[in-house]
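The values are calculated or read from the model by the stated rules, or taken from the named source; none is laboratory data. If you're wondering where the values come from, they're calculated on a predicted model, not measured in any experiment. Glycine also receives a Cβ, built like all others from the backbone with ideal geometry; neighbour counts cover every protein chain displayed. Areas reflect the complete protein model, heavy atoms only, side chains present, ligands, DNA and RNA absent. Shrake-Rupley method; radii C 1.70, N 1.55, O 1.52, S 1.80 Å.
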Amino acid sequence: MRTPVKATLHDSLLDIDSSPPSSPPLSPHRKDAHGPEEIPLELLHPSLRPGDSDGNEVHSAPQATSQSQGSSRSGSPSNDAGSDSPQDDGELSFLASKRKRTVSTDDTSQLIESLRRHIRLKTASVEQLTQFAKLSPIEQGIFLAGTLLKVTEQLEAHNSSAPSEDGYQIPTTLSSKMECYANMVLLSPLLGAYVTEPTTPADLVIKILERHPQYGLTAEVKNNSVKHDKIFRTIQSRCTALRSTMKKQVWASLGKYDQSTGKFTGAQDIVSFTKALAASAAKRAGKVTVVVTVQLCARFAYIRETMVTEVRAGRVRPDGKDKFWEKVDANLKAVRDKYDGHPKVAQRITQVFTKALDRDYETFGHSDEAKDLANSLSVTSVAQKVSDAATIGEDVREDQVSGPSWSCA
């Protein structure tokens, strides 16, 4: 906020840096290094010399030559104790009561021109200031009071119309959909990154909701920066919490780790774990149907493999203050970069996750259910299809796909 400035003659016109080259040196009259300058008014213009009560010009008494050479510079006005020069020349009212001065039209024009250069007034403002100078003191006071009242009204109107996040409540339906798709996006086997920008899970969720304005993220809400930011930050916070929960579930699924042998005991098989993970996500999302597929199992087998490496290296912390998801993102990026431009890029990337699933089977075992899953063709739910499409940059709405029904509470 800009500090208010007194509307004083010295503050506006007599700054040493903006004085014309022909002005006498002003530095001897400065009070201190930071305070306002005490500058006799006659330095501005001869017509502003102080006068006596009858308006006659007052001249200083002659000084002895030796005294004038030793105590003052040539051309400097006298400032002895008998002078009627005011001590506080920051108050125009005080000056007006002590001095009578007549300012001609030329003087006014010069003052306005100096002010224009000093604060860089626009042409229109200079014209208004010129007209203002022609008004009587009473008219000037009324004009200034009216202008101040207008500015006050504008500030009050601005403050009352400014959007306030405190008054905006995210609609229930929109909140339910935010929870639903935050869970579904993080479960997607096609998700390219869990925390790394430029496209985070929160970005994908917001895009899905923007394609379904009937849930509450309308054009009006989207164009209101305060409301939209609140929605986005809420999604970001929820995704962070869900990742933390998911990481704990992945870690717990490995069973107990023996540091001396570097082995895990009591681990869940990957299919049982993935089903439990999907069930908990569906419960949070609100009666959402989540179909566990081979692709989903392969994705979490790949994540579990990363967890095994990080646990053995001692880089995973129970308090969550680690870089586990950043490591997962880095591994996913390395896979994409490796096969970027390959004629069979999709097949090669699929093989990476298939091999991770096979290694999980070998390390932690698998049930007969895993064999049945591998031999079946599962149809995913509507929510999964929309989320999968969003992760690969496709704009798909719920009414454009089919699958098991689901609803958000």
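Key figures for this structure:
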{"item": "Per residue value of the accessible surface for the range 118-210 (all protein chains in place, 1.4 Å probe), Å²", "result": "61 Å²"}
{"item": "Accessible area of residue 129 in the full protein assembly, 1.4 Å probe (Å², nearest 10)", "result": "50 Å²"}
{"item": "Calculated FRET efficiency for the pair residue 226/residue 139, C-beta based, R₀ 60 Å, to 0.05", "result": "0.85"}
{"item": "Under the Karplus curve 6.51 cos²θ - 1.76 cosθ + 1.60, θ = phi - 60°, whole-Hz ³J(HN,Hα) for the range 304-318, x wherever Gly or Pro sits", "result": "4, 5, 5, 4, 4, 4, 5, 5, 4, 7, x, 9, 9, 10, x"}
{"item": "Per-residue HN-Hα couplings for the range 276-291 [Karplus 6.51, -1.76, 1.60; θ = phi - 60°; Hz; x = Gly/Pro]", "result": "5, 5, 5, 5, 5, 5, 5, 5, 5, 6, x, 6, 8, 7, 10, 9"}
{"item": "The range 177-231: chymotrypsin sites (Phe, Trp or Tyr not before Pro) in DSSP coil with no more than 10 other Cβ atoms inside 10 Å", "result": "none"}
{"item": "Amide H contacts under 5 Å for residue 263, placed H, 5+ residues apart", "result": "258"}
{"item": "Sparse-neighbourhood loop sites, trypsin sites (Lys or Arg not before Pro) in the range 228-332 - DSSP loop, at most 15 other Cβ within 10 angstrom", "result": "287, 315, 321, 323"}
{"item": "Residue 258 versus residue 123: modelled label distance in nm, points set 7 Å from Cα along the beta carbon direction", "result": "9.0 nm"}
{"item": "Residue-span extension gain [residue 210 to residue 107] - 0.36 nm each, minus C-alpha spacing", "result": "30.7 nm"}
{"item": "Contour excess over end-to-end distance, with Cα ends at residue 150 and residue 363 and 0.36 nm allotted per residue", "result": "69.0 nm"}
{"item": "Prolate/oblate/rounded call for the range 296-335, Cα gyration tensor, a/c under 1.5 rounded", "result": "prolate"}
{"item": "Too-long pairs where the Cα-Cα distance tops 18 Å, listed order kept, from 247/327; 355/385; 247/275; 227/287; 344/385", "result": "355/385; 227/287; 344/385"}
{"item": "Cβ-derived FRET efficiency at R0 25 Å, residue 291 paired with residue 340, nearest 0.05", "result": "0.25"}
